[in-house]
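The values are calculated or read from the model by the stated rules, or taken from the named source; none is laboratory data. Since the structure is predicted, the reported quantities are computational estimates derived from the model, not experimental observations. Neighbour counts run over all protein chains shown; Cβ positions are idealised from the backbone, glycine included.
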Amino acid sequence: MLAWTIYLSFLGAAMAALAPKDRPTIARWIALTTSVLGLGIGLAGILHQTNRSALQTIVDVPWIPAIHARYLLAADGISLTLVLLTGIAAVAGILFSWNITHRANQFFAFYLTLIGGVYGVFLSFDAFLFFVFYEIAIIPKYFLVAIWGSTNKEYGAMKLALYSFVGSALVLVGLIATYAHAGSPTFSLLELARQPLPTSFQVWVFPLVFVGFAILAGLWPFHTWAPTGHVAAPTAASMLLAGVVMKLGAYGALRVAMPLFPEGLAAWRDPLALLSVIGILAGAGIALIQKDFKFVVGYSSVSHMGFVLLGLMTLSVTGLSGAVLQMFSHGIIASLLFAVVGRMIYDRAHTRELSALESLQLSRALPFAAITFVLASLASMGLPGFSGFVAELQVLMGAWKTFPLYAALAGIGILIGVAYTLRVLVKAFFGQSNGTIEAATHENYAPISIPERIGALLLLGTSLLVGIYPRVLLDLILPSFETPLMKPLLKGAGL
């Protein structure tokens with residue numbers, strides 16, 4: 001049944017593309033119905049998962065016999081967690097795009113194509129199929145940013161596409177080399193992970209595949225596409241970029257690079273952990289001095305994704321489960337932050353400059369947006385009760401056992417995160433009026449719409465639920481490290 005998340009997304013994309021150009025409401029409802037059905041199927045898949053420590057095959061049929069590629073879809077708790085994230089982010093993104101009228105049918109067609117590709121990545125267990133869905137998810141990003149974006153949208157779209165395709169090229173080279181060296185020709189991730197690949201081979205192939213994926217996860221110093229792309233993208237695309245697309249890179253690193261090349265991972269583990277910590281500190285430090293509201297959120301995403309990559313390098317159940325939980329948590333929180341900045345504020349105030357927003361007294365003009373951003377800021381800072389607290393705590397606990405110095409530095413990154421969050425919160429919403437803004441200006445702001453309110457409550461409620469009762473996801477994630485693909489990875493680390 002989970003395979004229908006993919007099929008329905010592509011079917012919805014085709015229906016949206018064929019919707020009348022002069023009736024955007026039809027395309028909106030097609031997109032919303034499709035995304036809600038996808039979310040429902042994801043939830044049903046979680047509820048019907050009986051053996052959580054096993055990899056459950058969904059579809060396994062021959063696909064391209066000449067290269068032994070199979071159409072192999074399967075799921076474990078990690079997959080299901082990220083399928084759920086995709087469903088929630090997809091629904092919220094459409095609700096925050098309810099105002100799209102310019103080529104709305106094409107916008108939602110590209111949007112649902114991207115969602116279908118993301119679902120495909122999270123459910124693929126054939127490396128070649130994984131790569132195909134990965135590319136499908138990348139292509140629509142360019143058009144969403146280049147056509148419907150703002151602030152140097154062509155530059156942002158091109159930079160995003162170039163970085164993505166360079167990373168994909170590295171991954172493809174690594175996968176082809178692995179296929180050629182494998183004892184039995186296959187693209188099955190389970191079979192490739194069992195192949196005794198030479199250590200010398202793993203040492204040079206692992207960084208190709210890992211870095212190729214990690215570029216999309218915002219690995220420093222290959223992270224610069226992310227803030228530029230986030231700022232240039234329209235609101236829904238920013239939500240998807242931060243919410244799910246960056247997770248594709250981290251997921252590929254965890255699902256493909258690490259299990260297939262454990263000895264290469266051992267050789268490169270320390271340098272990659274260092275780059276992850278640099279990303280945490282650099283992203284937070286640069287966010288602290290930004291003048292554009294959206295750039296602050298963009299660089300904060302780089303910092304928070306550093307925790308995901310650091311958690312992966314711990315090779316402990318605590319750190320790895322924290323990394324997966326951080327993927328989910330950051331996806332929810334970042335989507336909400338971009339929704340507030342892009343849709344609730346920028347589309348009404350027509351500026352993202354903090355110096356200009358400071359005098360608008362948005363806490364009075366847009367109280368719902370202010371309250372939402374305050375709560376989202378608390379979640380982003382990792383306040384107990386929100387999902388970010390549990391996720392980052394687990395990453396730090398896992399890192400402390402393996403990289404105590406890096407764990408301490410990551411803790412400093414959290415403190416810097418508190419600083420830039422409080423700075424932007426005060427400037428954007430609680431600044432003092434300089435007397436140049438007329439009182440009537442506030443009356444000209446369109447009220448926060450019902451779809452926006454529903455989207456915000458969906459994302460906030462999800463973060464609160466996971467923060468208050470993290471077992472709702474951890475009971476899915478933890479058994480996944482007992483599956484045949486992941487268990488050898490922990491054994492190889494001596495854990």
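Restricting attention to region 154-197 and to residues that are among the hydroxyl-bearing types (S, T, Y) and under 28 Å from the mean Cα position of the chain (by Cα), the residue that is farthest from F222 (Cα to Cα) turns out to be S188. Kindly provide the set of residues from region 330-370 that are more than 25 Å from the chain's Cα centre (by Cα) and outside any helix (DSSP H, G or I), ordered by number. Once the filter is applied, which keeps residues that are more than 25 Å from the chain's Cα centre (by Cα) and outside any helix (DSSP H, G or I), region 330-370 yields H350, T351, E353, E358, S359, L360, Q361, L366. Of the residues making up region 161-185, those that are among the hydrophobic types (A, V, I, L, M, F, W, C) and not in a helix (DSSP H, G or I) number 1. Condition check for S355 on (1) modelled with pLDDT of 90 or more; (2) surrounded by fewer than 18 Cβ atoms within 10 Å (Cβ to Cβ); (3) of a type in the set (S, T, N, Q): one failure, at (1). Beta carbons closer than 9 Å, at least 6 apart along the sequence or on distinct chains, pair a first residue in region 472-483 that is under 16 Å from G311 (Cα atoms) with a second that is aromatic (F, W, Y) for I477/F328.
Among the residues of region 385-411, how many are farther than 20 Å from S321 by Cβ and either among the charged types (D, E, K, R) or exposed (fewer than 15 other Cβ atoms within 10 Å of the Cβ) (or both)? Break it down stepwise before answering.
Just the residues of region 385-411 that are farther than 20 Å from S321 by Cβ, to begin with: 405, 408-409.
After this cut, where a residue has to be either among the charged types (D, E, K, R) or exposed (fewer than 15 other Cβ atoms within 10 Å of the Cβ) (or both) as well, the list is 405, 408.
Result for region 385-411: 2.
For region 412-441, a tally of residues being touching a Leu at 6+ places or on another chain (Cβ under 9 Å), closer than 28 Å to A287 by Cα and at pLDDT below 75 returns 3.
If you check G218 against the conditions, is it buried (at least 24 other Cβ atoms within 10 Å of the Cβ) and in a helix (DSSP H, G or I)? Spell out how you get there, then give the answer.
On the way: buried (at least 24 other Cβ atoms within 10 Å of the Cβ): yes; in a helix (DSSP H, G or I): no.
No; evaluated as a whole, the condition is false for this residue.
Looking across S97, S79, one residue alone is part of a loop (DSSP other than H, G, I, E, B) and either of a type outside the set (K, R) or in contact with a Leu (Cβ under 8 Å, 6 or more places away or on another chain) (or both). It is S97. Could you grab the pairs with beta carbons closer than 6 Å, sequence gap of 6+ or different chains, first residue in region 301-327 and more than 20 Å from L476 (Cα to Cα), second one in a loop (DSSP other than H, G, I, E, B)? Within 6 Å, the pairs are V302/G218; V302/H223; M305/A217; M305/G218. Taking first residues from region 1-30 that are over 23 Å from E452 (Cα atoms) and partners that are part of a helix (DSSP H, G or I) and among the hydroxyl-bearing types (S, T, Y), the Cβ contacts under 6 Å between residues at least 6 apart in sequence or on separate chains come to T5/Y119; I6/Y119; L8/T34.
Give the residue that is surrounded by the fewest Cβ atoms within 10 Å (Cβ to Cβ), with candidates limited to residues of region 276-313 that are touching a Leu at 6+ places or on another chain (Cβ under 7 Å), assigned to a helix (DSSP H, G or I) and modelled with pLDDT under 90. Per the criteria, the residue is F293.
Does K291 satisfy the criteria of being closer than 20 Å to S329 by Cβ and among the basic types (K, R)?
Criteria not met by K291.
Residue check: L160 meets all listed conditions (1) under 30 Å from V36 (Cβ atoms); (2) free of Cβ contacts under 8 Å to residues at least 60 places away in the same chain but one, namely (2).
Give the residues of region 442-459 that are over 30 Å from G311 (Cα atoms), among the aliphatic types (A, V, I, L, M) and at pLDDT 90 or above, sorted by residue number.
Applying the first criterion (over 30 Å from G311 (Cα atoms)) to region 442-459 yields 442-454.
Applying the additional criterion that residues be among the aliphatic types (A, V, I, L, M) yields 446, 448, 450, 454.
Those that are over 30 Å from G311 (Cα atoms), among the aliphatic types (A, V, I, L, M) and at pLDDT 90 or above: I450, I454.
Of all residues in region 97-155, which are among the small types (G, A, S) and more than 30 Å from P259 (Cβ to Cβ)? Listed by number, the residues that qualify are S97, A104, A109, A146, G149, S150. A90 meets all of the listed conditions (1) of a type outside the set (S, T, N, Q); (2) part of a helix (DSSP H, G or I); (3) under 18 Å from S124 (Cα atoms) but one, namely (3).
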